[in-house]
Each structure stands twice: as C-alpha cells, then as structure tokens.
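Notes follow once the structure below has been shown.
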Amino acid sequence: MAENRHDTDNPPTDGTEKTDETAGPGAAAAPRRSTVRSLLRLWPYARAVRGRLTVSVTAATLGMLSTLAVPVILGRIVDGPLATRDLAALWPLVGLLLLVGLLEAGLFYTRRVVLARPLAGLETAMRGDLFAKLQRLPVSFHDRWGSGQLLSRATADMYTMRLFLAFPLVFLIVNSVMFLAGTAVMFTQDWRLALIALAPVVPLFVLTRSFEHGYSGASRRAQDQNGDLATVVEESVLGIRILKAFGRHRSMAERFRAQSHELRRTELHKAHLLANLWAVIVGLPEIVLACALAVGAYLVAHDELSAGSLVAFLSTALALRWPVESLGWLLAYANEAATATDRFFEVLDEPDTPDPGTATGLAAPDGIRFTGVRFRYPDAPADSPDLLSGIDLHVRSGETMALVGATGSGKTTLTALLPRLYEATAGTITLDGRDIRDLPRQRLRETVAVAFEEPTLFSATVRENVLMGAPGAGDEQLRSALATAQADFVARLPEGPDTEVGEQGLSLSGGQRQRLALARAVVGDPAFLVLDDPLSALDVHTEALVERALREVLGTTTALVVAHRPSTVLLADRVAVLADGRIEAVGTHQELLRDCPHYRELMSGEAALAPEGSAAP
Ligand SMILES: Nc1ncnc2c1ncn2[C@@H]1O[C@H](COP(=O)(O)OP(=O)(O)OP(=O)(O)O)[C@@H](O)[C@H]1O
Ligand SMILES: [Mg+2]
C-alpha cells in the first residue's frame with residue numbers, strides 16, 4: 001500500500017513545506033513564499049470575470065463609502081437641529097440618512113449577485129483544466145502522488161480559491177479604500193484625534209506580517225494533511241474487502257484516527273494564531289477609541305471642538321472598526337487561497353509527456369522494434385541496476401511474439417513502454433519504423449491497444465467500457481469483440497450490453513472482467529496489440545475458447561503477448577525470454593525448450609520453486 005507517498009518520495013512541494021508527520025504544528029520553519037505572488041497566478045482565470053469583479057468591487061466600495069456619509073450627517077444633526085432645537089431642519093437630514101441606507105442595501109445586493117454565476121463558471125474551468133492535466137500526466141506522476149492529494153486539490157482547494165475571489169478579495173480592496181476614506185474624514189473633523197486613531201497602524205502592520213509568516217506554513221500543512229487523509233479514506237474504501245478479510249479494518253481506523261488527530265492539531269494551531277491576531281485587532285481599537293473619546297471630551301470642554309464634530313469623529317472611527325477587524329480573517333483567507341493556488345499549480349506545472357502533435361507520413365511495415373531500451377522506475381533505489389538494461393527485440397510485422405520471464409522480471413513494465421505509459425530512459429522503440437516519440441499521442445494509442453493484467457472497468461455500461469477502445473465503433477464491432485473474448489455472459493446480464501458495471505454498477509467476476517478488457521483491446525482492430533497475460537483468470541475450458549477466437553485476431557495484427565502458461569505461449573509464433581533486464585533468447589517454443597534451460601524451467605514450473613531472480617542459467 002502506498003503509505004503517505006506524498007511525504008516520503010514526492011518532490012511536488014519543492015521550495016515549499018512538506019507534510020511532516022513527526023513534527024508538531026509549527027515545528028517546521030514556514031516557507032518563504034509570497035502570498036501575493038501566489039495569488040497573482042489566478043489572474044489568467046480571473047481575467048474572464050474581470051468586468052464583473054470590477055463592478056462588484058465598485059458596488060461594494062460605493063456601499064462602504066455611503067456608510068461614511070452617516071457620521072457626517074449625524075454631526076450635522078448634532079450641531080444643527082439638535083443645538084438650535086429647530087425640528088423642521090431635522091427631517092431633510094433624517095430623510096437623507098434613510099436614502100443612504102437604501103443605497104447601501106442596493107449596492108451590497110449588486111455585489112453579491114454580480115459575482116455568483118461567473119465565479120461558479122471559473123471554478124468549473126479550473127477544475128476542468130486540472131482534470132485534463134491529470135489525464136495528460138505520465139503514469140509515473142500518478143505513481144508518485146497519493147490519490148487523495150489530487151482529490152483534495154480538485155475539490156477543497158478549488159472551493160477555497162473560488163470563495164477567495166468572491167469575498168476576501170473584494171473586501172481586501174473595499175476595506176482598504178474604506179480605511180483610507182475614513183481616515184480622510186477623521187482628519188477633516190480633527191487632526192489631533194485622527195492621529196490618535198492612527199497610532200495602532202504600525203504595531204498592527206508588524207503583527208500581521210509575523211502572523212502571515214506563521215499562518216502560511218500551518219495552512220499548507222493542514223491542506224496537505226487533508227489530502228493524506230483523503231488518500232487513507234479512498235484506499236480503505238477501495239480495499240474494503242482485503243481489509244475485512246484480513247481483519248485489518250481496525251488498524252486502518254487507527255491510522256485514520258492518527259492522521260485526523262494530526263490534522264486537528266494543525267487546525268487548532270491555526271485557530272490559535274488567528275485568535276492571537278484577533279485579540280489585538282479587536283482590543284487595540286477599543287483602547288484607542290477610549291483615548292480619543294477622553295481627548296475629544298477635553299477638547300469639547302475647552303471649546304476647541306464642536307460636539308457635532310466629536311460625534312462625527314467617533315462614529316467614523318466606529319464605522320472603521322469592521323474594516324480593521326475583518327483584516328484578521330481576510331489575511332487568513334488570502335493565505336489559505338494562496339496555499340490552495342500553490343497546490344493547484346504544483347500539478348499544472350508538472351511536465352507532460354511531450355507530444356509531437358502532428359501525424360507523420362506512412363511507414364513501411366516493420367513491426368515492433370526495441371533497440372537498446374533501458375528503463376528504471378524513478379523511485380527505484382539508487383544502487384539497484386536498471387530494471388530493463390538494454391532490450392533488443394524485433395517483433396516482425398504480423399507476427400505474434402510471446403514474452404515470458406520470471407515474476408517481477410519486468411514484462412508488464414516492458415509492455416507499458418509501448419503506449420508510452422512510461423518513457424524509456426534510453427534506447428528507441430519503433431512501430432513500423434517510426435519512433436513512438438514522434439507519433440502523436442492520440443495516434444499512438446489508437447494504433448496500440450492494450451489489455452492489462454488487472455482489468456479495470458469504469459462505472460459505465462458494458463458497451464461503453466468495451467467501445468472505449470474504439471470511440472467510433474458501433475454494434476457490429478461490439479458484437480464481434482465480445483465474441484472474440486468469449487464474453488457471452490454479457491447477453492445474460494439484466495440489460496445485456498447496456499448493464500451498468502464497475503464501481504457503481506454490477507460487480508463482475510475476475511474472469512468476466514478480464515474478458516471485457518480483452519474485448520476492449522481487440523474492438524478497434526488495432527495494428528498493434530499488447531496483451532498482458534490476458535487469459536490468467538479463465539478456466540481451462542473458456543481459455544481454450546478464447547484462444548481459438550484470439551488466434552483469428554492475432555492473425556491480422558502484430559502482437560506482443562505476455563504469457564505465463566504454455567497454453568498461452570502456443571498462441572505465439574515465437575517466444576522471447578526476459579531475464580536480468582535483457583532478452584535472453586528468442587525462438588519458437590520448440591527451439592527454446594531445446595536450447596534454453598531457463599525457458600524450460602519457466603515452462604515446467606521449476607522456476608516457481610527456485611528463489612526469485614536466481615532462475616537465470
Ligand atoms: N509503478 C512502479 N513503480 C516502481 N516500481 C515498480 C512499479 N511497477 C513495478 N515495479 C517494479 O518493477 C519490477 C518489475 O515489475 P513488472 O510488473 O514489470 O513485473 P512482471 O514481469 O510483469 O511480473 P509478473 O509476472 O508478476 O506480472 C518489480 O520488481 C516491481 O516491484
Ligand atoms: Mg506483470
């Protein structure tokens with residue numbers, strides 16, 4: 001089981017922080033990354049909604065500014081109608097207050113309505129890009145990344161980014177404008193009081209800087225831990241049978257509990273950081289306001305300030321409390337969004353398998369040719385030899401070549417190189433004389449059809465699962481592919497080929513799945529066919545039937561068939577023996593039985609008795 005792959009051997013968080021299970025929250029140093037720079041990367045997506053974003057920000061700003069008119073009007077009321085006891089002059093001012101209130105409500109409504117739909121579209125676009133990227137990325141990428149890490153990026157992180165654009169971003173702008181405008185208003189009332197009110201700005205600035213520093217580390221850790229948690233959930237759901245059969249569900253639950261506690265600690269640490277900031281952000285203005293009130297009362301008593309101006313000043317200062325107080329969660333949220341953006345782009349920045357994109361001209365039929373092909377998995381131990389260390393093999397055009405070798409010798413790996421699921425580390429592979437790296441990926445995968453040892457079916461109908469191998473094909477092809485694979489059980493399914501199978505449908509037996517996978521491989525009449533032990537899960541009788549039908553298909557294609565059993569080997573014209581990362585011998589079954597002791601062992605079952613890897617002569 002891939003335990004916490006993300007932590008141990010996964011470089012995606014280069015330059016940022018890694019999840020560290022042993023270190024407590026806050027133990028690791030926070031990464032030096034700029035929140036602003038991370039968030040700016042959202043711009044290409046946000047650009048599509050920039051018009052609406054502007055309208056939204058403008059509406060919110062106007063709404064905020066209109067609240068600033070209230071203190072000024074209040075000051076007028078105190079110094080005017082209230083001081084002179086002239087009630088007639090009061091009503092227009094009260095009417096004005098009402099009007100301002102209505103305006104404010106209208107503007108706030110506009111802000112919300114304008115952004116909701118386009119942001120949902122933006123989230124869809126980002127998610128679409130992420131999904132497309134995940135499909136393009138090489139299999140080696142997926143080997144490295146825990147599925148939960150990708151899952152959490154496609155869901156939770158995406159939500160965080162959208163929410164950031166909807167609220168915190170708008171309010172960061174609006175509140176800054178509000179703060180500047182409010183400060184100006186305070187200065188027009190009385191500059192001495194305004195200076196007192198501004199006194200806490202410098203300590204607040206310093207504080208928020210240090211908060212950001214600590215918080216960005218914690219939020220990264222929390223989101224990574226979320227991803228690891230999702231991986232555990234996913235693996236335990238997918239592997240539920242194994243876990244139950246081996247009575248391991250308890251230990252899995254234990255692991256889940258440990259990880260969720262880890263996450264809880266990180267979240268608490270975040271809450272702690274935020275609470276500290278909040279205490280200061282809420283407390284400081286309170287103290288400052290008290291000071292301003294005392295000084296203001298003194299000034300009014302000495303006739304240096306009108307009572308109206310003091311009221312206007314104090315209510316302006318009160319109106320500014322929200323922009324200042326909200327700073328805490330706005331910064332926290334901006335940080336989370338920056339982390340989510342980093343995590344999103346970590347995936348998007350991964351290099352794809354290069355794709356030449358355009359089809360090249362015709363080539364002469366030459367079959368499949370491996371020349372000096374070497375391969376090692378990226379996570380193989382540094383001191384281990386290459387898994388494939390110089391494969392030279394020629395499968396002639398129209399020929400069926402069986403590939404045999406001890407278990408773990410690299411047969412599956414070798415076949416995976418053909419559709420470029422993995423890239424060979426050295427050497428070349430050609431199809432009809434053309435380097436597979438020069439073939440457009442789409443074209444390559446139409447030309448080469450594969451059936452893997454572990455047949456995977458998707459949550460879809462039998463028809464969709466099989467025709468996946470030939471998108472344009474119709475009923476006739478479906479029927480003949482199912483016939484080739486001896487998948488007559490399909491006719492007996494509740495709804496025939498339209499029965500839903502896979503994770504959210506009917507469960508099929510291993511042999512049934514294998515036959516569908518085989519049908520999927522042969523349905524498109526591929527020029528090259530790669531079968532990885534296609535008959536392993538079939539009973540002897542079905543195997544014989546499938547073999548007979550397969551023989552026909554193999555007659556029309558060039559095929560590489562991984563085989564463990566003599567019966568499968570007999571489908572092939574020639575056999576290649578893989579040992580120690582090389583092709584040890586090539587020949588017909590009879591020739592090899594005569595000349596190659598290792599092959600004799602493999603076929604007789606003696607190899608199973610010898611320790612793995614020591615089977616070579
Ligand atoms: N995705 C992977 N990442 C790292 N190592 C891998 C990966 N897949 C396979 N290996 C390693 O490569 C070696 C060869 O595996 P491979 O699946 O090619 O063997 P095989 O010949 O197909 O065996 P079998 O007959 O049991 O199917 C094994 O030692 C295995 O541990
Ligand atoms: Mg294999």
**Report entry** Selected residue (criterion: surrounded by the fewest Cβ atoms within 10 Å (Cβ to Cβ)) from residues of segment 237-259 that are within 30 Å of GLU346 (Cα to Cα) and at pLDDT below 85
**Finding:** VAL237
**Report entry** Selected residue [over 21 Å from PHE171 (Cβ atoms), among the basic types (Lys, Arg) and buried (at least 17 other Cβ atoms within 10 Å of the Cβ)] from ARG76, ARG111, ARG85
**Finding:** ARG76
Requested in this report: Look through LEU516, LEU506 and report the one residue that is under 28 Å from LEU238 (Cβ atoms), more than 16 Å from ligand 2 (Cβ to nearest atom) and surrounded by fewer than 19 Cβ atoms within 10 Å (Cβ to Cβ).
Outcome: LEU506
Query raised in the report: Would a scan of segment 456-479 turn up a residue that is under 32 Å from the mean Cα position of the chain (by Cα), in the same structural domain as ARG520 (by TED's automatic domain parsing), within 16 Å of ligand 1 (Cβ to nearest atom) and not in a helix (DSSP H, G or I)?
Result: yes
Report task. Tell me, please, whether a residue that is under 30 Å from the mean Cα position of the chain (by Cα) and among the charged types (D, E, K, R) can be found in segment 392-403. Result -> no
Report task. Please identify the pairs in which a residue from segment 199-211 that is closer than 16 Å to GLU286 by Cβ has its Cβ atom under 6 Å from the Cβ atom of a residue that is of a type outside the set (Val, Ile, Thr), counting only partners at least 6 apart or on another chain. Result -> PRO200/LEU284
Requested in this report: Take segment 394-421 and flag every residue that is within 14 Å of ligand 1 (Cβ to nearest atom), among the hydroxyl-bearing types (Ser, Thr, Tyr) and buried (at least 21 other Cβ atoms within 10 Å of the Cβ).
Outcome: SER409, THR415
Report task. Give the residue that is farthest from ligand 2 (Cβ to nearest atom), with candidates limited to residues of segment 558-595 that are among the polar types (S, T, N, Q) and surrounded by fewer than 19 Cβ atoms within 10 Å (Cβ to Cβ). Result -> GLN590
Query - Cross-chain or 6+ apart pairs with Cβ under 6 Å, segment 279-296 first and surrounded by 16 or more Cβ atoms within 10 Å (Cβ to Cβ) and in a helix (DSSP H, G or I), then of a type outside the set (A, V, I, L, M, F, W, C) and at pLDDT below 90 - result: ILE281/GLU325; ILE281/GLY328; LEU284/PRO200; PRO285/ARG321; VAL288/PRO200
Query raised in the report: Right, ARG255: over 30 Å from TRP322 (Cβ atoms) and assigned to a helix (DSSP H, G or I) or not?
Result: yes
Requested in this report: Could you look through segment 387-417, keep only residues that are under 15 Å from LEU529 (Cβ atoms), of a type in the set (Ser, Thr, Tyr) and not in a strand (DSSP E or B), and pick out the one that is nearest to ligand 2 (Cβ to nearest atom)?
Outcome: THR415
**Report entry** Every residue from segment 538-572 that is away from ligand 1 (no atom under 16 Å from the Cβ) and of a type in the set (Lys, Arg)
**Finding:** ARG548, ARG551
**Report entry** Criterion violated by ALA230 - all others in (1) over 17 Å from LEU327 (Cα atoms); (2) surrounded by fewer than 20 Cβ atoms within 10 Å (Cβ to Cβ) satisfied
**Finding:** (2)
Query raised in the report: In segment 188-224, what residues are charged (D, E, K, R) and in a helix (DSSP H, G or I)?
Result: ARG192, ARG209, GLU212, ARG220, ARG221, ASP224
Query raised in the report: Is it the case that VAL311 is of a type in the set (Val, Ile, Thr), more than 34 Å from the chain's Cα centre (by Cα) and modelled with pLDDT of 90 or more?
Result: no
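The values are calculated or read from the model by the stated rules, or taken from the named source; none is laboratory data. A quick note: this is a predicted structure, and the numbers were derived from the prediction, not measured. Neighbour counts are summed over all protein chains in view; Cβ atoms, including those assigned to glycine, are modelled from backbone coordinates with ideal geometry.
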